[in-house]
Structure formats: structure tokens, C-alpha cells
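Student: The following block contains the structure, expressed as C-alpha cells.
The values are calculated or read from the model by the stated rules, or taken from the named source; none is laboratory data. What you see is a predicted model; the values in this text were computed from it and never measured. For neighbour counting, all protein chains shown are included, and Cβ atoms are generated from backbone atoms with ideal geometry for every residue, glycine included. These area figures cover heavy atoms from the full protein model, side chains too; ligands, DNA and RNA do not enter into them. Shrake-Rupley method; radii C 1.70, N 1.55, O 1.52, S 1.80 Å.
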Amino acid sequence: MKKFDKERVLLAVAGPVIALVSAILLTSVVLIASGKSPFEPYRLMIEQAAYSDVQVLILNQASMYYLAALAVAIGFRMNLFNIGVDGQYRLAAMMTAVVGAHLALPSFLQIPVLMLVAMFTGAFWSGIAGLLKTTRGVSEVVATIMLNAIATSVIGYLTLSNMWGVQVGNNMTTGIMKKSGWFPGINMGSDVGEIYGLVFLAVIAGVLYWLVLNRTRFGFDLRATGASETAAAASGVDAKRMVLTAMLISGAVAGLSGLPLLLGDAHTYSLSFPTGLGFTGITIALLGRNNPAGIAVAALLIAFLDKASPALDYATPVAYEKEIATIMQGLIVFAVVISYEAVRQWGLRRQQKRVGAELAAQALNNSHKKEVAA
């Protein structure tokens, strides 16, 4: 059993390590091809991570990435590919900002209400794809891609000046939220910045994700349905209900992913609100193998690449394009898919060899017993 556990850990770690090493090597090849040092950009980015203000930026960004990746991971555990996290997150952030700008309650009520608005909005938007899949057999990939585009148009319409939009300079916003909805952060000093208070929401979400999936009947049914719908149905699990439930939960978590920024810093939704969070969440969920601890490490890594890379533009005597970090992120996605499949095949071969060796040993033992008996 101990040997099996070691092998399982090796298989779990091998994929991400191979993916990261491959991405670094491929990025270095790109740098060499462009006539630049393949080592200097990494040194510069690592130096940035030593600064306290950059560390705060990384932690804040990672909290949003973590929640988005959890939303993706919930779908992955059900064998669902929720590409719509980005649309669900942006629509939820916009609706939360609108409610926060027009509703004034005491803080102990305002903040929970805003969280519920974000969760219900995200769940509603992902639930459309869930209903289409369970009632009409529409692929959730196609449905969520289309819903992302529709969410963009809906947000554009609802933020018009004759709807809920408020013009601020050249930017269209939803207006500043009531202060009772601002979530306090941890002030690290005027030169460092403030850690979002809702960083702890990401931690709580990760713990709940692990507990629900590994310590509840619902989590077992979810994983069983993702592994085989027919086998789950044979054991009495309603596969369609589980698909819809998983999409609703995934959307609800996606709705929360914009709140650390919205309630902790921006306090309004505008055209400058970050996009692409959901797609980055896919990369992080893949790299973290849908494990809450692995996702946390992957979220910190991608946030580090995001926040440390701007320094490359100002490097002396040779400046490096900050897009190097984007190239690395893209290469990580390719490397993750290829390395995980390679590791899976390697694990299957080892398992087959082990089973073959056990069967051969059992056959030899039975033969020996027959000889002794004769």
C-alpha cells in the first residue's frame, strides 16, 4: 500500500512538473531565436517577487484566479467543460455592482446580499447551459461559448446611460457602490498596498471544495457521474440532475471570482474591469489537476507571471517584451495537455505490468501448491 501511495503521488506531481519544465524550455527557445538571453527574463521576474508591493498584487490576483479555477474544476470533476466562467464572472460582477450602487443596508447585511447576487447571477447564466445539455443534449462547450458572447452584449446594454450606466470621463461605469458594501482589506502600508479581505473567501472555498468532493455523498455521486454516467445511473444516481447541479454550482463559484476586486478595490463595474479570468482559470485548473492545493500553487504561479512580467519592459541595458509571460502561459496549456496524457499512458503501462506480475506470481504459486499436493 505504501508503494502504491508513492506511485500515486509521483503520477500526480509528474504532469505539472513536466509541463512547467517544458514551458520554460520552449520559452527559452523563443528567446534564443529572437537573439536574447534565455535566462535573464526569469531572473528579472524572480527579483520582482521579492518586493512587498508585488507580493500583494500577486496574492490579490491569485485569489481571483483561484475562485475562477475552482469553478472550472467543479465542471471538470463531472466531465463537463465550463468555458463560460468568464461570461458568468463578468455578468455577476456587473449585477453585483448595480445592486451595490442602488441598495443601502448595514454592512453585515449588505455584503452577504451582494455575495448572493453574484452567486445567483453566475448560477443562472451557467444553468442555461446546464438546462440545454440535460433537456436538448446541447454540448456545454458550445452553449457556454455562445453565452460568453451574449453576456458581453447584455453587459454592454445594461451599462448604457439610459439603463444603469454612469459616464465617468471616457469610461462607462455602474456608479460607485455604497460604502456598506465595501469589504475591508489588510493594509500593508502606503508603499505596499492592501490585501483584499476576500482573499480568505478563496481559502474557505478551497476547503469547502475538498470537503464536499471527498467527504460527502453528493461529492461521491458527482465524481461517479463524471467517471461514468451509466455506472452512476445503475447505482441510483440521477445523472441529468447531477449535470445540472454541477453547472449551477460551477456558475455560482464563478460569480464569486470577481468579488475580491469589486468589493475590495474597484467598487464599481466599468469597461476597464479585467476580462479573460475564466480562460486563465482553465489553465490553472488543468495545471493544478483539479486539486485545491494544486490549484492554489498554479494560481500563485500564473499571478506571479502576470504581475512580475511588466518589469521586463524596463530592463536595462536590454528590454524584454512582457508578452514573454503570456507566451509561457500559452505554452503551459499545451504542455499540460501533452504531459498529462504521457503520464497517464505511463501509469497505465506500469499498472498493467504490475497486474501481470501479480497474476504470474499467483499462477506460479498455484502450480507449486499442486505439485506439493501431488
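Student: Can you tell me the orientation of helix 107-136 relative to the chain, as the angle in degrees between its alpha-carbon axis and the longest Cα principal axis, to the nearest 10?
Tutor: 50 degrees
Student: For the chain, modelled as a GNM with alpha-carbon contacts under 10 angstrom, which of Asn171, Asn79, Asn148 fluctuates the most?
Tutor: Per the Cα network of the chain with a 10 Å cutoff, Asn171 tops the list.
Student: Which ³J(HN,Hα) values, rounded to whole Hz and listed in residue order, are derived for the stretch 44-49 from phi using the Karplus coefficients 6.51, -1.76 and 1.60 in 6.51 cos²θ - 1.76 cosθ + 1.60 with θ = phi - 60°, glycine and proline given as x?
Tutor: So the Karplus estimates, Gly and Pro as x, are 5, 5, 5, 4, 4, 5 Hz.
Student: Follow-up. For the stretch 12-123, what does the relative contact order come out to in percent, with C-alpha contacts under 8 Å and a separation of six or more?
Tutor: RCO, the stretch 12-123: 15 percent.
Student: Mind putting a number on the dipole of the chain about its Cα centre? Charges go on the C-beta only, +1 for Lys and Arg and -1 for Asp and Glu, and I need it in Debye to the nearest 20.
Tutor: For this selection, approximately 1480 debye.
Student: Highest GNM mean-square fluctuation, the chain, Cα pairs closer than 10 Å: which of Gly206, Gly84, Gly347?
Tutor: Largest GNM mean-square fluctuation: Gly347.
Student: Just to confirm, what accessible area per residue do you get for the chain at 1.4 Å probe, in whole Å²?
Tutor: 51 Å²
Student: Next question. Let's test this: bin the Cα-Cα distances of the chain at 20 Å from zero up to the farthest pair and state each bin's percent.
Tutor: 25, 52, 19, 4, 1
Student: What residues qualify as long-range amide H neighbours of Met172, i.e. H under 5 Å apart, gap of 5 or more or another chain, H built at 1.01 Å from N?
Tutor: Under 5 Å from the amide H of Met172 lie the amide H atoms of Leu271, each far enough along the sequence or on another chain.
Student: Counting only protein heavy atoms and a 1.4 Å probe, tell me what percentage of the chain's accessible area is made up of carbon and sulfur.
Tutor: 67 percent
Student: Sort the following peptides by mean Cβ neighbour count (other Cβ atoms within 10 Å, averaged over residues), highest first: 277-287, 52-62, 356-366, 335-345.
Tutor: My ranking of the peptides, most packed first, is 277-287, 52-62, 335-345, 356-366.
Student: Counting only residues 5 or more places away or on other chains, whose amide H sits under 5 Å from the amide H of Glu194 once H atoms are built in the peptide plane?
Tutor: Here Met188 satisfy the definition.
Student: Summing -39500 (n - 2.57) over the DSSP H runs of n ≥ 4 in the chain and dividing by its residue number, what mean residue ellipticity at 222 nm do you reach, to the nearest 500 deg cm²/dmol?
Tutor: Calculated at 222 nm, the ellipticity per residue is -24500 deg cm²/dmol.
Student: Turning to a different aspect of this structure: Over what distance in Å are the Cα centres of the stretch 157-233 and the stretch 252-312 separated?
Tutor: 10 Å
Student: Pairs of lysine in the chain with Cα under 16 Å and at least 8 positions apart or on different chains: total?
Tutor: Lysine pairs satisfying the spacing and distance rule in the chain number 4.
Student: Order 149-156, 242-249 from most to least packed using the mean count of other Cβ atoms within 10 Å.
Tutor: 242-249, 149-156
Student: Here is a further query. Over the chain, what relative contact order in percent results from Cα pairs under 8 Å that are six or more residues apart?
Tutor: 31 percent
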